[in-house]
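Reading through the structure tokens given below for one structure.
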Amino acid sequence: MEQVPSTNNNPSVWMQRPAPISGCPAGLEYLAQLDCLLLNQKVSKLEAITGRERNNKYAINNSQGNQIYFAAEESSGCMRHCCGAQRGFEIFILDNDNQKVMKVSRDLKVCAGSPWFAGCCDCCAHEVTVEAPIGTVVGYVKQKGAFGKSPYDIMDENQEPVLKIKGPRFIFDGALCPCDSEFKLLTLDGSNQVGSLSKVYSGFAKEMFTVADNFSIKFPADLSVKTKATLIGALFLIDFTYFEGKKK
């Protein structure tokens, strides 16, 4: 695993490490008081020039722009080349001490992806598992079947649903589409919106000439840290499903 990147030209300002909290998995203390996360995808110059798919990397910041985590995908070049955005992956999330505090993983499912068929059987539904610390599952995100609205269940460690995500019927993305793509975070009965996961429009120049996307996650501050961590996994799943394949 590579080290958390830092450059003299644009050094990261890291959020101060919080004190340990009783009952909170180590490393998730950062999430306890937050109600928003901002994710910025990092793209190497080689990928930007050649367009060749490389492992995804993300800086995860609080609403003040202070970095709290760095996320780095680990998948083989063969998997990225042959399977593209459908690939299985492991994304490790590191804190400012360069310690792995979370892992988000997805198995390769060749037939998965379409919301029309996701409800038919597990082999047609994308799913991610979130561990914190690594080896201890804190939640799952599973694609559900629907007509064009991109629904997901946010589940706890016992695979019991706690929240739902409903995406837009149509997603318009690119330099000529100056709008955010919002996936609503809903209560289980779908009656109330309590947050959102969004792909944020970055401006014409960045959308046209780079392959790096910006995202936000908004949630209640009193949501459990395990569910907040699971929402990070949901954001990665949404990125791979709807935006990763367009980064060419």
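The values are calculated or read from the model by the stated rules, or taken from the named source; none is laboratory data. Quick caveat: nothing in here was measured; it's all calculated off a predicted structure. Note that each Cβ is placed from the backbone with ideal geometry, even for glycine, and that neighbours are counted across all protein chains shown. Remember, those area values only see protein heavy atoms, side chains included, never the ligands or the DNA or RNA. Shrake-Rupley method; radii C 1.70, N 1.55, O 1.52, S 1.80 Å.
Numbers at a glance
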| read-out | value |
| --- | --- |
| Accessible area, probe 1.4 Å, largest first, for residues THR136, THR187 | THR136, THR187 |
| Most to least packed among 157-170, 220-233, 61-74, 14-27 [average Cβ atoms within 10 Å] | 220-233, 61-74, 157-170, 14-27 |
| Rounded accessible area of ASP35 (nearest 10 Å², 1.4 Å probe) | 80 Å² |
